[in-house]
Amino acid sequence: MNPTEHWASLLQRCLEAENRIAGKSIHAYITKAGLLHLGLYLTNNLINFYSKVRLFSDACKVFDEMPLKNIFTWNSILSMYAKSGQISTARIYFDQMPEKDSVSWTAMIVGCNQAGRFKKALQMLLAMVRAGYPPSQFTFTNILSSCAAIEDHIIGRMVHSFIVKLGMSSCIPVANSLLNMYGKCGDALMAKVVFDRMRVRSVSSWNTLISLYSQSGRMDIARSHFEEMSERSIVSWNAIIAGYNQNGLDLEALIFFSRMLKETRMAPDDFTITSVLSACANLEMLKIGRQIHAYLIRTEMEVVGQVANALISMYSKSGGVENARRLVEKTVVSDLNVISFTALLEGYVKLGDLQPAREIFNSMKHRDVVAWTAIIVGYVRNSFYKDAMELFSLMVSEGPEPNNYTLSAILSVCSTLASLEHGRQIHSKAVRSKEGLSISVSNALITMYAKSGCIELARIVFSQIISTREPISWTSMIIALAQHGLGEEAVSLFDRMLFHGVVPDHITYVGVISACTHSGLVEKGKEYFSIMQNTHKIKPTPSHYACMIDLFARCGKLEEAQNFIKLMPIEPDAVAWGSLLSACRVHKEADLARIAAERLLSIDPDNSGAYSALANVYSSCGRWQEAASIWRLMRDNGIKKEKGFSWIHIKNKVHVFGVEDGLHPMREAIYEMAAKMWVEIKKAGFVPDIESVLHDVDDELKEKMLSLHSEKLAIAFGLMSTPENTMLRIMKNLRVCNDCHNAIKFISRLTGREIVVRDATRFHHFRDGFCSCKDYW
């Protein structure tokens, strides 16, 4: 071996061993011994060594000191800068080259592709072809990688045609790159064409095709190809397992994992474990998840990075939140991602244990929108509305931009509290962030405005998304109209929904039958109940049956309601018996009320409403002793009657009133206004409905009790606290009584105010002495 080859061989060994010090020592010895004059071969090897071990300044120094340079010298320095991402510097050397070859152009293309400058790589290929340099298979694999990255199948097909023209389509690396490109672009048809034309198929070829079909949801075809493989790698198993997991077929993912362990000697890697733990999490299979964790411990597999995160997510979603928390405490924080923290957070939220959930949230360094939304939704689901609103305000001021899930959740709080002002502010926020255009936020806005008494604003929001074919949007509006007593409009909207080809679901039918119930449209309700079963093949649920019972009973068809109950294939639930009981109270059917109450209490023994309703039916029929016995029974059983109260929002503050409320700081002024209001409406022709007082006392006391009902006190306060002609919105937890209903009609006419009252079942819009319910509620 001559001296040049000897030293070049030693440099190659240093390169293979990645021994920088030894390589630099050889360079020093060669220089000291004056051996650099031996030729370009040795100096080129020095540049190649320094560039490969990333000692760029040393490589440049050798390059600059060379009196003569050949194309290999230039390509080495060019490749060094290109592959390190220093494309601008590489371009300078590229432009200075006295001559170029295909390697030079390919080096630039590889550098652009690796640096993420995919379009620049394509431009370099065009320039290369125009300059007359033939691309190599290495050129094409990088160009196809660029096409895949930007998912440009049009240019990809042009490159494919060029490859065929050059006769390189049978080259396995190029064919695999073509498969990958078509796969990333979602073109399964062309990928299959490439695959079928391959004379020799590597395991990588099969893996690419399986991954492609998995990603497009065609697990049947992916499995078929998997079974055809004569040889499989861990990547093959990962592709099929991950495919099942990502397509929601988690049980199949676990079956294939078990099969892999039984049929092969392959050890699962991080990707395998991550997929199967994800499947366990989705199926909430804590036992299987623990077995996989035990396998990791037994095989001493490192629980770090994505495996640690998947394990934490599995425990969090499967009910093992304490295990998940211990893992978090043991794991290096830098290894954890926001997904695992959020999964743990959601695990505690799911259990309703919000204190540790909040502690985890507060400990998170990087809280993304998913984490914020998870804790806000947790507060909402567990009825901690104040905490939800406060956290949302904090998110707006210092957190990420709320997404449609966050906005929908917080709008549901506004709906529950009927907080119109907060709802409007969130609507403005949604419009500014463009989330107001999303279906979920629009649906939440419809519900919020409807439950806050602003049916007009609900209509406006719905008109902006009416083109959607999502049944939930139509359903939200139908239910909103039903709640506001606009049954005929709700029915008309339902018919429009069918005309536009939007298929109703079971909730839509609950809404439209409920609309018929509130408007006395008995025949229409019966018709829809039949269409639901016969046309849309929807099996009635307890909610549908309850609506039908309410439909008959509310309009006095109690015998028909009884017959309907007898023909039901299922036992009526508490809601159904409650509807019948309420109707008995209105129509003074004491005997049927007793049967309904007994059946209701057999389902829900602690239902105070059943005792109260039955006692009230007896009282309204003058059966005072039986009413008293029900009250005694209620007291003896330790059941407390639900007290009626009303509330009103004034300047973002909620004012709550009970019957004969003595706690409000403005009590004297409110009572004075209520008394004045009472006198004025009586002068206008109002006659108190003393039958609404279900107590055996004299008429004068009955009238006094009626004048101090909670909704009348709330209206008196509203009249005192708001400018003239301002709409008043009153909320009540129970059904509004006949006396208050009539009184508010007179108040609306005398004051010129529109008064909206939301009681336990619906909205009443009082205007100019009339109510939107047309006295049917």
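The values are calculated or read from the model by the stated rules, or taken from the named source; none is laboratory data. Quick caveat, the model's predicted, so the values are computed rather than measured. Heads up, the Cβs are rebuilt from the backbone with ideal geometry, glycines too, and the neighbour counts pull from every protein chain shown. Accessible surface areas use protein heavy atoms only, side chains included; no ligands, DNA or RNA. Shrake-Rupley method; radii C 1.70, N 1.55, O 1.52, S 1.80 Å.
Along Cα→Cβ, 7 Å out, is where each label goes; now give me the distance between the ones at residue 220 and residue 498 in nm to one decimal.
3.4 nm
Among 726-737, 259-270, 395-406, how do they line up by average Cβ neighbours within 10 Å per residue, starting with the highest?
Descending packing order for the listed peptides: 726-737, 395-406, 259-270.
Please compute the Cα-Cα pair-distance distribution of segment 113-254 with 10 Å bins starting at 0, giving whole percents from short to long.
P(r) for segment 113-254, in whole percents per bin: 12, 40, 31, 14, 3, 0.
So what's the net charge close to residue 597: Lys and Arg +1, Asp and Glu -1, counting the other residues with Cβ under 13 Å from its Cβ?
Net charge around residue 597: -2.
Any chance you could count the Lys pairs in segment 88-235 whose alpha carbons are under 21 Å apart, treating pairs 8 or more apart or on different chains as valid?
5
What is the list of residues in segment 544-567 whose amide nitrogen lies under 12 Å from a point 7 angstrom out from the Cα of residue 573, following Cα to Cβ?
Within reach of a label on residue 573: 544-547.
Of the peptides 316-323, 342-349, 670-677, how do they stack up when ordered by the mean number of other Cβ atoms within 10 Å, highest first?
The peptides rank, most packed first, as 342-349, 316-323, 670-677.
Tell me, what HN-Hα J-couplings in whole Hz come from the Karplus equation 6.51 cos²θ - 1.76 cosθ + 1.60 at θ = phi - 60° for each residue of segment 669-677, using x for Gly and Pro?
So the J values, rounded to whole Hz, are 5, 5, 5, 5, 5, 5, 5, 4, 4.
With Kirkwood's inverse mean 1/r over C-alpha pairs for Rh, give me the Rg to Rh ratio of segment 123-185, two decimals please.
Taking Rg over the Kirkwood Rh, I get 0.93.
Let me check I have the definition right: for segment 375-502, take the eigenvalues of the Cα gyration tensor, multiply each by 5, take square roots. What are those semi-axes in whole Å, largest first?
Largest first, segment 375-502 gives 27, 15, 12 Å.
Quick check: residue separation of residue 197 and residue 365 times 0.36 nm, minus the Cα distance between them. What number comes out in nm?
Separation in residues times 0.36 nm, less the Cα-Cα distance, equals 55.3 nm.
Could you work out [θ]222 nm for the chain from helices alone, using -39500 (n - 2.57) per DSSP H run of at least four and dividing by all its residues? Round to the nearest 500 deg cm²/dmol.
Computed mean residue ellipticity for the chain: -21500 deg cm²/dmol.
If R₀ is 41 angstrom, what is the calculated FRET efficiency for the pair residue 284 and residue 663, using the beta carbon separation as r and rounding to 0.05?
0.30
Below 12 angstrom from the Cβ of residue 293, what's the summed charge of the other residues (Lys, Arg +1; Asp, Glu -1)?
Neighbourhood net charge equals +4.
Taking just the alpha carbons, could you work out the radius of gyration and Dmax for segment 71-181, both in angstroms?
So, for segment 71-181, Rg and Dmax equal 13.3, 37 Å respectively.
In whole angstrom, how long is each semi-axis of the equivalent ellipsoid of segment 437-507, when you take the square root of 5 times every eigenvalue of its Cα gyration tensor and sort them from largest down?
Equivalent ellipsoid of segment 437-507: 17, 15, 10 Å, largest first.
Do you know the relative contact order of segment 363-510, to the nearest whole percent, from alpha carbon pairs under 8 angstrom that are 6+ apart?
This gives 16 percent for segment 363-510.
Report, ordered by chain and residue number, the lysines lying within cross-link reach of residue 526, taken as a straight Cα distance under 24 Å and ignoring same-chain residues fewer than 8 apart.
Cross-link targets: 537, 539, 557, 566, 774.
Can you report the principal axis dimensions of the chain using only the alpha carbons, biggest first, rounded to whole angstrom?
127, 55, 52
Can you tell me the equivalent ellipsoid semi-axes for segment 548-588? Use √(5λ) from the Cα gyration tensor, largest first, whole Å.
16, 11, 7
Using a Förster distance of 25 angstrom, determine the FRET efficiency expected from the C-beta separation of residue 651 and residue 767, and round it to 0.05.
0.60
Per the 1.4 Å probe, what fraction of the accessible area of the chain, in percent, lies on carbon and sulfur atoms?
53 percent
Add +1 for every Lys or Arg and -1 for every Asp or Glu among the other residues with Cβ under 15 Å from the Cβ of residue 465, and state the total.
Charge balance in the 15 Å sphere: +2.
Between residue 396 and residue 263, what is the label-to-label distance in nm when each label sits 7 Å out along the Cα-to-Cβ direction?
5.7 nm
Modelled label-to-label distance, residue 432 and residue 464, 7 Å Cα→beta-carbon offset: nm?
Rounded to a tenth, the inter-label distance reads 1.5 nm.
Working out 0.36 nm times the residue gap between residue 684 and residue 643, then minus their Cα-Cα distance, what length gain in nm do you get to one decimal?
Computed gain between residue 684 and residue 643 is 11.7 nm.
Full extension from residue 727 to residue 117: what is 0.36 nm times the residue separation minus their Cα-Cα distance, to one decimal in nm?
Gain on extension, residue 727 to residue 117, equals 213.5 nm.
Work out, in µm²/s and without decimals, the Stokes-Einstein translational diffusion coefficient of segment 473-564 at 25 °C, 0.890 mPa s, Rh from Kirkwood over C-alpha pairs.
191 µm²/s
Taking Cα pairs under 8 Å and at least six residues apart, what relative contact order does segment 256-364 come out at, in percent?
22 percent
How large is the accessible surface per residue of the chain, computed with a 1.4 Å probe and reported in Å² as a whole number?
49 Å²
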